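Notes to accompany the following structure.
The values are calculated or read from the model by the stated rules, or taken from the named source; none is laboratory data. Worth saying up front: this structure is predicted, and the values here are computed from it rather than measured. No Cβ is skipped: glycine too gets one built from the backbone with ideal geometry, and neighbour counts run over all protein chains shown. The protein model used for the area step is the full one, side chains on, heavy atoms only, and it has no ligands, DNA or RNA in it. Shrake-Rupley method; radii C 1.70, N 1.55, O 1.52, S 1.80 Å.
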Amino acid sequence: MTEDSRRHMWAEVDALEQEARGMFVGGMLVDSGIDVGMDSGATSTDIEDEHKMRSAITRAFLTAMGATPTGEVRAASIEAMRQEIARVMHANARVAMITARNLDSLPEDVVESIYDELAELEQLV
Amino acid sequence: MRWTVRLKREESDLEEEADLYDDVTVQDLVAAQSTWRPVLLESARALKRAGKPIPRYLHWDWRAKEGALGRLDAKFYAIRAQGNIQGLMKLDLGTLHRCRLEPQVGKELVYVDYVETAPWNIAYYMHALGFRSIYGRVGLRLLQAAVQCSLDGELKGRVGLHSLSDAEGFYRKVGMSESAPDVDKQNLRWFEFTPESAQSCLEKYR
């Protein structure tokens, strides 16, 4: 087997393993009465209810293990930050009061500051 | 027993050695649950916000299987690297499951009851959190451990399992044969290794 074909062989099986998303068989799940389907609408509320660990702690844990950031999460522009903040405001009345003021009129440094604060408050990342 | 297996470090694309062992303890199950779950939940929250699918079986709890640790008809395997458990597998060594496909219908096999890898090894979950996944091939090494267990038990590498739908391509790729969806198992598809395909999987993916 050539090096190229070997690399291709591994790439294929690695990609398919990733497609399994970490859980490979369902025998014991079914026997335990668990629905093995995917929640395509992502409507489960249990996720929020069961969340106990702060985002920052999780991220620190992953970083300590050597995980490297992809840089894909943080909004790339002030406008994207405004949109993200507005989305969070809409979804979360508890923090909506933070920005009762008009987001569009806020200076860029304030937008960035609010974004970072919300991120820290595990609302965004 | 303990063995050395090679995982792929995703960041460098290089192989790294890890420990595979079958003397899994309650502490291992607790450690896996306590380190995996926060990451999984955090990721699921991010996926949910992005409107992306999350598995309904997210709430699986390994600690619930503590009672099976001492059973003779069950066997657990774990892979540990960098001090953390990277994957867990439970095998059923009883006679409840038998081969279903020709030419080995009715013969004894090792049944893979459950396999899970740590969420930080899954790109789908890690990307949602803004990170790259850490290790690859954890699932493959555990499946190969099941084959080895079958060989050690003189079952010639015969292994069977009910695949979750997202994993079906993986089992086909490593050479397992399949049957129609099993209506008694939420229509999960049955896969099994023959002695030949099991041996091939061990040799091909060394």
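Tabulated values for the structure
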| quantity | calculated |
| --- | --- |
| Listed residues B:HIS97, B:HIS127, A:HIS8 arranged by accessible area, highest first, probe 1.4 Å | A:HIS8, B:HIS127, B:HIS97 |
| Surface accessible to a 1.4 Å probe, B:ASP152 within the full protein complex, Å² | 100 Å² |
| Accessible area (Å², 1.4 Å probe, nearest 10) - A:ILE57 | 90 Å² |
| 10 Å Cβ neighbours from other chains, averaged over peptide B:133-141 | 4 |
| Normalised contact order of chain B, rounded percent, pairs of Cα under 8 Å and 6 or more residues apart | 18 percent |
| Solvent-accessible surface ranking, highest first, for A:SER113, B:SER179 at 1.4 angstrom | A:SER113, B:SER179 |
| The range B:34-122: trypsin sites (Lys or Arg not before Pro) in DSSP loop, at most 13 other beta carbons within 10 Å | B:ARG71 |
| Percent RCO, i.e. relative contact order, over the range B:29-110, from Cα pairs under 8 Å lying at least 6 residues apart | 20 percent |
| Solvent-accessible ranking of B:TRP3, B:TRP190, largest area first, probe 1.4 Å | B:TRP3, B:TRP190 |
| Residue-averaged beta-carbon neighbours from other chains (10 angstrom radius) around B:35-41 | 5 |
| Accessible area of B:ASP92 in the full protein assembly, 1.4 Å probe (Å², nearest 10) | 20 Å² |
| Taking the range B:163-206 and dividing mean pair separation by its residue count, relative contact order in percent (alpha carbons under 8 Å, at least six apart) | 37 percent |
| Tally of Lys pairs whose C-alpha atoms are under 24 Å apart, taken over the range B:41-200, 8 or more apart or cross-chain | 16 |
| Separation between Cα centres of the range B:147-206 and the range A:2-18, rounded to whole Å | 19 Å |
| Over chain B, equivalent-ellipsoid semi-axes from the Cα gyration tensor in Å | 27, 19, 18 |
